[in-house]
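As structure tokens, the structure follows; a few thoughts come after it.
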2 protein chains.
Amino acid sequence: MNYGVILAGGVGSRFWPFSRELEPKQFLQVAGKGSLLQSTIIRMKEVMPAQNIYIITNQAYLTELLKQVKHFSLPEKNIILEPEGKNTAPAIALCARLIQQRDKDAVLIVLPSDHYIKDIKKFCFALQQAVICAKKGFLVTLGITPKNPSTGYGYIKVSLQPSAFSRQLNSYKVEKFLEKPSLIKAKKYFKDKRFFWNSGMFIWKASVFMDEVKLYLPQLYRQIMLIKDTGDIIKVWHKISPMSVDYGIMEHSGKIVLVPAGFDWTDLGSWDALNEVLTKDAKGNIVQADSIDLDSRGICIFSRGNRLISTIGLKDLIIADTPDALLICDRSRAQEVKKVVDQLKLSKRKEHFVHLTEKRQWGHYTVLKQAGGFKIKIIEIEPKKSLSLQRHKKRAEHWVVVSGTARVTSPSGVRLVESNQSVYIPRNAKHRLENPKNSPLKIVEVQTGSYLEEDDIERFKG
Amino acid sequence: MNYGVILAGGVGSRFWPFSRELEPKQFLQVAGKGSLLQSTIIRMKEVMPAQNIYIITNQAYLTELLKQVKHFSLPEKNIILEPEGKNTAPAIALCARLIQQRDKDAVLIVLPSDHYIKDIKKFCFALQQAVICAKKGFLVTLGITPKNPSTGYGYIKVSLQPSAFSRQLNSYKVEKFLEKPSLIKAKKYFKDKRFFWNSGMFIWKASVFMDEVKLYLPQLYRQIMLIKDTGDIIKVWHKISPMSVDYGIMEHSGKIVLVPAGFDWTDLGSWDALNEVLTKDAKGNIVQADSIDLDSRGICIFSRGNRLISTIGLKDLIIADTPDALLICDRSRAQEVKKVVDQLKLSKRKEHFVHLTEKRQWGHYTVLKQAGGFKIKIIEIEPKKSLSLQRHKKRAEHWVVVSGTARVTSPSGVRLVESNQSVYIPRNAKHRLENPKNSPLKIVEVQTGSYLEEDDIERFKG
């Protein structure tokens with residue numbers, strides 16, 4: 001049987017300020033319908049049933065992931081949570097190990113969750129080819145015929161020497177995995193038919209892959225073999241060293257075969273990649289914002305705010321606007337967005353970490369304003385959801401229900417608060433906010449106090 | 001006696017999005033201490049007492065103007081209000097007429113309110129020269145020696161033929177006023193010592209100027225002569241045709257003399273002008289914002305929001321950010337900001353008209369959010385100020401005092417509301433909000449209702 005392994009643990013910091021550490025790229029809708037993760041699931045479902053699709057991600061993303069996969073009827077046990085990111089080799093090995101216990105002959109189709117693929121038929125065809133090779137004991141990678149001498153991708157060099165096998169299946173024996181090249185090398189590779197882009201899509205038997213892990217990453221193998229079920233992950237994971245599958249396995253194994261992808265493919269690795277994928281207007285601009293432009297060319301405007309963005313005489317820029325952070329970047333330097341994120345981390349800011357709108361299991365809230373002694377939030381609670389019973393030592397809260405009905409627990413009891421009614425929660429008062437109805441609840445919260453951070457919270461059971 | 005006439009009626013739409021129709025350029029602090037208007041008053045006070053300084057502006061700006069001139073002890077009668085803008089000729093003629101009634105030998109020094117002049121001593125010296133010429137019956141204009149072949153200024157051509165008079169006073173007889181030239185012409189002018197930039201600073205006797213108005217704009221003259229005091233303005237003003245003093249008088253009069261300015265001068269006509277005036281960092285950038293930059297050159301970032309602005313690899317751009325509108329503009333095209341403003345007007349938006357923070361006689365308020373059925377404002381009321389007694393038919397208001405003390409009048413009486421207390425004002429309830437204390441009052445207002453626009457208000461006396 002074929003099994004899907006979707007790698008969804010990355011942060012994708014090159015899509016900052018849309019992506020944040022707590023809201024990574026794969027959960028964003030940047031191209032097409034649905035998020036990048038959802039698009040990947042949809043592709044995967046073309047070649048296997050939902051119960052064969054596994055997703056591995058960071059445990060911090062569980063809430064968001066569950067929301068996003070809700071309509072795909074994936075079994076909950078197929079969601080594998082990493083306590084922390086360890087790069088691709090441990091993640092894939094973990095999934096291989098767990099799937100092998102279910103089906104020792106399992107063939108894995110490993111897909112990153114940040115690809116854009118338009119032609120799903122051709123994609124399925126390439127996978128079928130790859131699966132045939134994989135069943136013969138090869139580690140198969142899908143190779144992309146380079147469209148330009150890109151320095152942004154790793155390359156794979158194959159042998160064009162035909163073998164009986166390759167003639168039959170349109171596949172090549174891989175000679176070498178090569179890291180992102182200089183422009184001079186990239187130009188050489190581009191002219192040479194033996195070079196392909198490394199797509200990061202892999203197809204192999206779980207057993208064959210684990211054999212290679214045993215051979216080339218024996219320590220990882222031992223650690224992974226200690227995991228009998230998902231409950232064991234937490235015991236082992238912190239000891240595992242990060243390692244990419246390219247560096248740890250693919251650059252060493254002699255069993256690798258490349259199947260040309262044969263479909264249009266874009267790695268949505270940075271803002272610039274969207275320029276290839278999204279529809280442009282007559283001036284060659286991509287505008288997903290409330291915008292007025294005079295004479296700009298080749299610009300991409302993305303907005304998550306509700307501000308008007310006006311542009312005059314610009315050329316080849318990326319503009320990405322959010323309520324708390326704006327990025328304006330020359331298109332040729334989209335890779336360097338990561339450096340801004342690194343600076344934000346170093347200076348202990350929070351714009352790389354969370355959005356002003358933060359998602360929670362029960363809904364989400366947006367901080368509208370924080371100034372001396374007060375903070376204003378809009379809180380939206382999904383139907384039938386509830387916040388924990390809690391208490392704050394340093395702040396009081398004023399709630400105005402602006403839509404829906406709240407059930408409020410406070411020292412004076414439990415009561416329903418309707419739209420256009422308000423409630424006061426004094427400091428130190430135990431309270432709970434619930435949405436008892438089937439429609440969303442929206443409240444405006446005004447906090448007052450000398451300390452207004454999220455960590456002033458004591459949660460109670462029940 | 002010398003009298004100052006400061007022209008402060010313009011909108012300055014090229015400084016959008018900082019300038020708005022209700023918050024024009026002259027009231028903004030864009031360079032130096034204080035607003036452009038305040039800097040102009042400070043310069044004027046170097047050459048005359050405050051009681052001789054007149055300001056003419058649109059009556060819509062009265063509240064803001066009074067706040068800005070408060071510390072200069074200008075007599076209130078020196079503030080002349082136009083019911084609507086009619087360009088410079090009517091404005092200057094009106095001031096000349098009113099000042100003449102006070103002093104028939106008055107010499108007027110007419111200054112726009114959007115100039116940046118660093119060396120005030122040289123400025124005063126040039127004015128002294130100009131006043132001597134003006135007293136001899138000339139219309140004097142200060143001419144700027146061109147620093148480059150700018151196409152952004154009008155030019156003045158003088159005769160270099162020396163006369164006894166010009167030798168004595170370093171002044172030239174003006175041959176011609178020329179409109180903004182093409183680049184080819186500008187380059188010719190730039191090489192020729194007979195050409196100066198038209199600064200728009202004029203010095204003349206009120207009587208001489210009015211004689212020229214009578215000669216060249218006889219209809220305007222008759223209309224202005226109907227005005228005996230400021231109370232008459234409203235009766236006449238709507239009949240007056242707009243006319244610039246350059247076009248109406250300066251291009252025709254034979255009495256014009258130019259005094260070279262002899263000081264560094266910048267017309268702050270557009271964002272680009274600030275590039276000449278403000279201090280640059282090591283990379284040649286001007287950054288007045290919370291910003292992270294990688295490798296940009298020659299960019300100017302101005303922020304009135306509190307968003308982080310990150311820039312990568314940009315060159316020669318202007319970025320001006322406000323909570324509801326962002327401008328990104330190639331520096332060479334700063335003049336075209338006006339076109340964006342024109343588009344906003346045409347599409348009946350409001351980003352050209354007001355800021356999210358609106359000023360009022362009693363303080364100001366900021367709209368933080370308006371969504372289905374509710375609106376959130378922060379309202380700041382200055383000490384001892386009060387809003388009108390009022391009533392809303394379609395909305396209720398929830399107030400949370402977050403700093404200071406409010407005196408609230410409502411159907412249940414008058415009471416003091418302290419910080420961290422709240423008040424509910426139902427629909428149709430007459431109410432008033434006051435700040436009875438000597439420190440500022442800040443409240444968060446949550447409005448709820450089906451219609452939340454400012455025009456749902458009924459004001460009461462008392």
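Throughout, read-outs are computed from the coordinates displayed, never taken from laboratory work. Computed from a prediction, not measured in an experiment: that's the story for all the values here. Using ideal geometry, Cβ is built from the backbone for each residue, glycine included, and neighbour counts are taken over all protein chains shown.
Summary table
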item: Within 10 Å of each Cβ in A:389-402, the average number of Cβ atoms from other chains; result: 3
item: Cα gyration tensor, the range B:304-462 - rounded (a/c under 1.5), prolate or oblate; result: prolate
item: Percent antiparallel among DSSP beta bridges (both partners in the range B:2-269, rounded to 5); result: 55 percent
item: Relative contact order %, chain A, counting alpha carbon pairs below 8 Å whose residues are six or more apart; result: 14 percent
item: Calculated label separations, A:GLU276, copies of the chain, 7 Å along the beta-carbon direction, nm; result: 4.6
item: Taking all pairs of distinct alpha-carbon atoms in chain B, Kirkwood radius in angstrom; result: 24.6 Å
item: Reachable lysines, given that their alpha-carbon falls under 16 Å from the alpha-carbon of A:LYS384 and they are not under 8 places away in the same chain; result: A:LYS67, A:LYS437, A:LYS442
item: Total formal charge among the other residues, if their Cβ is under 13 angstrom from that of A:LYS180, Lys/Arg +1 and Asp/Glu -1; result: -2
item: Beta bridges by DSSP in chain A, antiparallel share as percent, to the nearest 5; result: 70 percent
item: Label geometry 7 Å along the beta-carbon vector: A:SER207 inter-copy distances in nm; result: 11.5
item: Partner aspartates and glutamates for B:LYS394 [C-alpha distance under 13 Å; skip if fewer than 8 residues away on the same chain]; result: B:GLU453, B:GLU454, B:ASP455, B:ASP456, B:GLU458
item: Along each principal axis, Cα extent of the range B:272-345, largest first, Å; result: 38, 25, 21
item: Hypothetical label at A:LYS67: residues of the range A:396-414 whose amide nitrogen lies under 11 Å (7 Å Cα-Cβ projection); result: none
item: Rounded, prolate or oblate (a/c below 1.5 giving rounded, otherwise prolate when a/b exceeds b/c) for the range B:1-51 by Cα gyration tensor; result: prolate
item: Ordering of B:238-246, A:267-275 by burial proxy (mean other Cβ atoms within 10 Å per residue, highest first); result: A:267-275, B:238-246
item: Rounded to 5, percent antiparallel among DSSP beta bridges of the protein assembly as shown; result: 65 percent
item: Net dipole in debye of the range B:272-345 [+1 Lys, Arg Cβ; -1 Asp, Glu Cβ; about Cα centre; nearest 20]; result: 120 debye
item: Net length gained if the chain between B:ASP103 and B:LEU160 were fully extended (0.36 nm per residue, minus Cα distance); result: 17.1 nm
item: Along chain B, longest interval not containing exposed GluC sites (Glu not before Pro), exposed being DSSP loop plus at most 12 other Cβ atoms within 10 Å; result: B:180-417
item: Alpha carbon Rg of the range A:362-412, scaled by the compact-globule rule 2.2 N^0.38 Å; result: 1.24
item: Electrostatic dipole magnitude of chain B [Cβ: Lys, Arg +1; Asp, Glu -1; Cα centre; debye, to 20]; result: 600 debye
item: For residues of A:249-259, the mean tally of beta carbons on other chains within 10 Å; result: 0
item: Rounded FRET efficiency, nearest 0.05, which uses the C-beta distance separating B:LYS136 from B:MET48 and R0 of 22 Å; result: 0.65
item: Shielding by partners, peptide A:326-336 (average Cβ within 10 angstrom, other chains); result: 6
item: Label point distance in nm, B:LEU416-A:SER410, each placed 7 Å from Cα along Cα→Cβ; result: 2.4 nm
item: Within the range B:369-396, backbone nitrogen closer than 16 Å to the virtual label 7 Å beyond the Cα of B:TYR424 toward Cβ; result: B:395-396
item: Spatial separation of Cα centroids for the range B:17-43 and the range B:103-152, in angstrom; result: 20 Å
item: Residues listed by number, the range B:347-378, amide nitrogen under 15 Å from B:ASN306 label point at 7 Å toward C-beta; result: B:357, B:366-369, B:377-378
item: Computed E for B:LEU278/A:LEU183 - FRET, C-beta separation, R0 30 angstrom, nearest 0.05; result: 0.20
item: Kirkwood Rh in Å, taken over the range A:2-269 so that all alpha-carbon pairs contribute; result: 18.7 Å
item: Calculated label separations, B:ALA371, copies of the chain, 7 Å along the beta-carbon direction, nm; result: 2.1
item: Simple label model, 7 Å out from Cα along Cβ direction - B:LEU346 to A:LYS33, nm; result: 3.6 nm
item: A from B by rotation - nearest chain B beta carbon to the axis, in Å; result: B:LEU368, 2
item: Principal semi-axes in Å for the range A:189-324 [√(5λ), Cα gyration tensor, largest first]; result: 44, 23, 11
item: Cα shape, the protein assembly as shown, gyration tensor, a/c 1.5 rule; result: oblate
